[in-house]
Amino acid sequence: EMIGNLTIPKLNANLPIYHGTDEDELEKGVGHFAGSVLPGEKDNSVLSGHRDTVFRQLGNVGKGDLLVVSTEAGEFTYKVRKVRIVDADDRTVIVPKPRATLTVTTCYPFDFIGDAPERYILVADLIE
């Protein structure tokens, strides 16, 4: 089920967001991790996508760049505060946050063939 869109102004990208992060959803677009809040809500909203499809250019997005999420609840603009590269099994990216946070994840390195050993993480704070 499509729940909204993720717009990345720096990449001129507008990507559909689907509820869930199973292969079915990730084949269609960006997946919303079911264990996280919806974008715009207080806490950590986690979005994931494949590095070879929707997030092919995500490495060009960094600190200070904007991410805009549109859902039925409204339009939410986030500003990237931090870029992290973590091991694939690092679960600290999905921990609760004290304020409205958007965490965007994809596999890393971007040019890796096969199951990538790391994840590229954008941590962004809600600004409006």
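Please verify whether residue 97 is among the basic types (Lys, Arg), part of a loop (DSSP other than H, G, I, E, B), open to solvent by less than 80 Å² (accessible area, probe 1.4 Å) and over 16 Å from residue 6 (Cα atoms), treating the condition exactly as stated.
Yes; evaluated as a whole, the condition is true for this residue.
Could you say which residue among 72, 128 is within 21 Å of residue 16 (Cβ to Cβ), surrounded by fewer than 19 Cβ atoms within 10 Å (Cβ to Cβ) and touching a residue at least 40 places away in the same chain (Cβ under 8 Å)?
On inspection, the qualifying residue turns out to be 72.
Got a sec? Which strands (runs of 3 or more DSSP E) wholly within segment 6-68 have at least 3 residues that are more than 18 Å from residue 80 (Cα to Cα) and either open to solvent by 40 Å² or more (accessible area, probe 1.4 Å) or of a type outside the set (Phe, Trp, Tyr) (or both)?
13-19
Among the residues in segment 44-53, are any closer than 11 Å to residue 123 by Cα, of a type in the set (A, V, I, L, M, F, W, C) and modelled with pLDDT of 95 or more? Talk me through it step by step, then tell me what you get.
Step one: filter segment 44-53 for residues closer than 11 Å to residue 123 by Cα, giving 44-47.
Retained after the next criterion (residues that are of a type in the set (A, V, I, L, M, F, W, C)): 46-47.
Add one more test, that the residue is modelled with pLDDT of 95 or more, and what stays is 46-47.
For segment 44-53, residues closer than 11 Å to residue 123 by Cα, of a type in the set (A, V, I, L, M, F, W, C) and modelled with pLDDT of 95 or more: present.
For the subset of segment 31-57 comprising residues that are of a type in the set (A, V, I, L, M, F, W, C) and under 20 Å from residue 92 (Cα atoms), which member is nearest to the chain's Cα centre (by Cα)?
47
Determine which member of the set 119, 84 is within 24 Å of residue 22 (Cα to Cα), among the charged types (D, E, K, R) and either without any contact (Cβ under 8 Å) to a residue 24 or more places away in the chain or buried (at least 17 other Cβ atoms within 10 Å of the Cβ) (or both).
Answer to the check: 119.
The values are calculated or read from the model by the stated rules, or taken from the named source; none is laboratory data. Note that the structure is predicted; figures quoted are calculated from it, not measured. Positions of Cβ are generated from backbone atoms using ideal geometry, with glycine treated the same way; all protein chains shown enter the neighbour counts. Note: accessible area is taken over every heavy atom of the protein model, side chains too, but ligands, DNA and RNA are not part of it. Shrake-Rupley method; radii C 1.70, N 1.55, O 1.52, S 1.80 Å.
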